[in-house]
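The values are calculated or read from the model by the stated rules, or taken from the named source; none is laboratory data. Because the structure is a prediction, the values reported are computed rather than measured. Using ideal geometry, Cβ is built from the backbone for each residue, glycine included, and neighbour counts are taken over all protein chains shown. Accessible surface areas use protein heavy atoms only, side chains included; no ligands, DNA or RNA. Shrake-Rupley method; radii C 1.70, N 1.55, O 1.52, S 1.80 Å.
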Amino acid sequence: MSGDYKDLFTKRDLSVPLYDIDLEHATDEELIQLSQDSGIGLSLEEMKNVQDHFKEKGRNPTDIELEALGQAWSEHCCYKSSKVILKEHVFGIDAPQNILVISEDAGVVEFDSEHAYVVALESHNHPSAIEPYGGAATGIGGIVRDVVCMGAQPVAFIDPLFFGPLDYPFEKLAKGVRHPKYLFSGVVAGIRDYGNRIGIPTTTGMVYFHEGYVGNCIVNVGCVGIAKKDHIIRSRVKEPGNLYVLLGGRTGRDGIHGVTFASAELTEISETESRGAVQLGDPITKEPTIHVCLEANEKGLLDGMKDLGGGGLSCVVGEMALAAGFGAEVQLEKVPLKEEDMAPWEIWVSESQERMMFAVKPENLDEVLYICKKWDVEANVIGNVIPEKTLRVFWEDEKIFEMDLEFLTGGPVYCRPYEIAKVEERIEESIPAEPENSGDILLKLLGTQNIANKEWVIRVYDHTVRGNTILKPMQGKIGKQSHGDSAVMKPLEYSFRGMALTSDVNPSLLEIDPYWGACSIIDETCRNLVAVGARPHSFADCLNFGNPEKPAQLGDFYEAVRGLGDCAKALGIPYVSGNVSFYNESGTSAVPPTPTILGVGIVEDIRKCVTVDFKKEGNPIYLVGETKSELGGSAYFSLVGGKSAAVPKVDFEVLSKSIGSLLAVIDKGTVASCHDLSDGGLAVGISEMMIGGDIGAEIDISNIAEIRSDFKLFSESNTRWLVEVKKGKEPEFEKIIDVPFFKIGIVGGDRLKVMDKDKTLINLDIEKIRSAWNDTLWKLMG
């Protein structure tokens, strides 16, 4: 209570601080100041809507009611700037595998006749920019709850991460901005410690460095789980009389205003002013809490289950009730606290971690509490479900909160103006001369931060705990491994059916052309899944963009979402879960458009999977797909200073046919290794296959395209794979492939030799290639 509007507050005669707010007589200036100072983050228009609502009710709100509206109406919770665009382009892709998609905390998709997999992908960007270790750790803690609350056993974590360059000059950092090395090391440590301690492998992810992330890193976290179909549970109550059982961690002042903090731009004072919005993770409490949730659910004791994430109790209680058409009453003093002097509104909106909410029939309560006690997990009944769609909160015998749930959870929906910039206006074309030494270019590309070996990150995660990881993130000979295209999990003990996981986005493409850049993400996601023998099955998206109130930023969002929708619809692959993270800006600039995709593929038989590393001398090498002069946003042009609006495009029909062809030849057993072509193009792709197999290759690229030699080597055209075919299987391979392909060389020796029309372009020893690729992150991180 501060500022010029202090006379609007009247304290109630209670044992805890609670205020009635005279919103009816507040001026516009007081409404804005109240919203800003309290941290609820509502606009003047939204505050006036609240004012009008309570005028109709003939009373003024309490502080806890106003705080609850701030959480429920935040961008993070109600998707007020994105909902219309998402409904137009990505929602509603029907597919036979869909069970529960978009509508729950995580997507539920058919795995086999008896089982479903559960998938979720979220952002924890602002907390990680303020406190990287805690922000990333609680991101993992939150995403695993989303999967568990559907009744699924988590089987893998996914972590797409985006930072400024690790060698960014300290003197260029703006006030209040942490150096990328500090953020990078803290985020990786947070994910490592939380994931490893609860015993779930981190198998999949990506790391991308770009100056656009210096002031606002992007930390996305995903989780995939498995459950029997008849154990899937909804995030809702079932009937009036259900009891709300709050279990897990205690409620404190950590994480207050987390969702409103995530719905605003970072500033130079965010590091100090907003630290309290970052939650405190506790994996030691989380692990037994997961056991409680799964055991109680499997025994049929729960009518509903939901995690306490954004908005805390203020969101979970009402959302669970309204989803079933009911309301709720809560005795707030029954919530166990970390601190004794918390105000009711603080308890109500706190986002303290490791908390879950059960909906339980009274007759099942004792057995549920027994399971909690057995696992040493604290649990308390804090309320019950009522027939009418109203939420009431009491402190002891005093009613301190009463709101219509449809008004509380509805939130505003905006059709904000957006501007779509012409691609030609985004970039001034500058095509560099063809290099004299393509070998030197290749070595430099292999050493760039976005292409270089990521073992510095991968090896600190336990990616084999639980024993279900069949294809690991690093593949190849022991001590010589290269990056794999996808990890493959075997989630069921008695079945050889598997799940492949990958995460992808190339922000440099989206900076130039958000539409085709987004289509390229789907193409790459499918390529990575197919490369190991998996059929693309579902997508989850995490859409990280700037301020949606700026038309140019929302225009980028619109075009990217349109691209994601068009490509997925053409393939018939659904988006089953997702998240939108706006306001990723600091100072005067937004992050590059970063719509991260988590792709899940189904492997019919994990024994037929292939890896990225070359296998045997004498095996022929094929290039599947067409190479074009598409260098816009490429790693090569970034290295040599080239600029072009010609980003890679996607032919949806060719992509669909290519998926079918590659899967067919892998299933027939003709393929020894396979690798998709992305950053750095063909030259980098074949180098990575050599590194993993510790064997060389000779190729001739004369006939793959009528374009410049350097473009053949480094173009990042979509829908392309390098395939090592088993010797003698060439006729069978060529008969099945019904898209363009080129036989370009042979595996063997200890060098990479590349020819084009009798000219030697590259002639490099494999150890020189490995050294260039291996050293970068280790040297930068010390």
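Charged side chains reduced to their Cβ positions (Lys and Arg at +1, Asp and Glu at -1) give region 671-782 a dipole of some 120 debye around its Cα centre.
Relative to the longest principal axis of the Cα atoms of the chain, the long axis of helix 28-38 lies at roughly 70 degrees.
For each pair in 422/649; 454/480; 472/608; 286/374; 490/608; 175/454, compute the distance between the two Cα atoms and list the pairs where it is over 19 Å. Table pairs above 19 Å Cα-Cα are 175/454.
Remark: the Cα gyration tensor places region 430-554 in the oblate category, a/c being 1.5 or greater and a/b not exceeding b/c. Sparse packing (at most 10 other Cβ atoms within 10 Å of the Cβ) combined with a DSSP loop state is found for the following GluC sites (Glu not before Pro) in region 664-740: 706.
Would you please classify the overall shape of region 622-701 from the alpha carbon gyration tensor, given that a ≥ b ≥ c denote the square roots of the eigenvalues, rounded means a/c under 1.5, and beyond that prolate means a/b larger than b/c while oblate covers the rest? Judged from the Cα gyration tensor, region 622-701 comes out oblate (a/c at least 1.5, b/c at or above a/b). Carbon-plus-sulfur accessible fraction, region 1-89 (probe radius 1.4 Å, protein heavy atoms only): 45%. Annotation: the antiparallel percentage among DSSP beta bridges lying fully within region 628-772 is about 80.
Phi angles across region 511-524 convert, under the Karplus curve 6.51 cos²θ - 1.76 cosθ + 1.60 with θ = phi - 60°, into 3J(HN,Hα) values of 4, 8, 9, x, 5, 6, x, 5, 4, 5, 4, 5, 4, 5 Hz, Gly and Pro given as x.
For region 661-730, the solvent-accessible area works out to 23 Å² per residue, with a probe of 1.4 Å and every protein chain left in place.
Measure off, as a whole percent, the carbon and sulfur share of the 1.4 Å-probe accessible area of region 332-481, all protein chains present. Reported share for carbon and sulfur atoms: 47 percent. Rounded to the nearest Hz, the phi-derived 3J(HN,Hα) couplings of region 166-179 under the Karplus curve 6.51 cos²θ - 1.76 cosθ + 1.60 (θ = phi - 60°) are 5, 9, 5, x, 4, 5, 8, 5, 6, 4, x, 9, 7, 5, where x marks glycine and proline.
Taking amide H as placed 1.01 Å from N in the peptide plane, the amide H of residue 383 sits under 5 Å from that of 244, 331, each at least 5 places away or on another chain.
Length available on full extension from residue 52 to residue 24: 0.36 nm per residue minus the Cα-Cα distance, which gives 9.3 nm. Where both bridge residues fall in the chain, DSSP classifies roughly 80% of the beta bridges as antiparallel. Residues whose amide H falls under 5 Å from that of residue 544, counting only those 5 or more places apart or on a different chain, are 581, 594, 596, with hydrogens built in the peptide plane. Note on residue 94 and residue 549: their simple-model spin labels are 4.0 nm apart, each label 7 Å out from Cα toward Cβ.
In the context of the full set of protein chains, residues of region 122-267 present 26 Å² of accessible surface per residue (probe radius 1.4 Å, heavy atoms only). The angle between the Cα long axis of helix 652-667 and the main principal axis of the chain comes to about 70°, on a 0 to 90 degree scale. When only Cα pairs under 8 Å and 6 or more residues apart are kept, what is the percent relative contact order across region 1-78? Reported relative contact order: 30 percent. Loop-resident trypsin sites (Lys or Arg not before Pro) (DSSP state other than H, G, I, E or B) in region 1-108 with no more than 14 further Cβ atoms inside 10 Å of their Cβ: 59.
Residue separation of residue 59 and residue 211 scaled by 0.36 nm, minus their Cα-Cα distance, works out to 49.6 nm of gained length. Beta bridges assigned by DSSP with both partners in region 324-412 are antiparallel in approximately 70 percent of cases. Within region 390-466, the trypsin sites (Lys or Arg not before Pro) that combine a DSSP coil assignment with at most 15 other C-beta atoms in a 10 angstrom radius are 422, 459.
In straight-distance terms, cross-link reach from residue 6 covers every one of the aspartates and glutamates whose alpha-carbon lies under 12 Å from its own, apart from those fewer than eight places away in the same chain; here that gives 20, 22, 30, 37.
Near the amide H of residue 697, within less than 5 Å, lie the amide hydrogens of 748, 751, 752, 753, all on another chain or at least 5 residues away, with H placed in the peptide plane. Computing FRET efficiency as 1/(1 + (r/R0)^6) for residue 778 and residue 231, where r is the C-beta to C-beta distance and R0 is 30 Å, gives about 0.10. Nearest 10 degrees is fine. How inclined is helix 551-571 to the longest principal axis of the chain, computing both from alpha carbons? Between helix and principal axis, roughly 60 degrees.
Each residue of region 762-770 is assigned a 3J(HN,Hα), and the resulting list reads 9, 8, 10, 5, 4, 5, 5, 5, 4 Hz, derived from the Karplus form 6.51 cos²θ - 1.76 cosθ + 1.60 (θ = phi - 60°), x at Gly and Pro.
With each label modelled as a point 7 angstrom along the Cα→C-beta vector, the residue 466-residue 433 pair spans 5.6 nm. To the nearest 0.05, what FRET efficiency results for residue 338 and residue 730 with a Förster distance of 56 Å applied to their C-beta separation? Efficiency, rounded to the nearest 0.05: 0.25.
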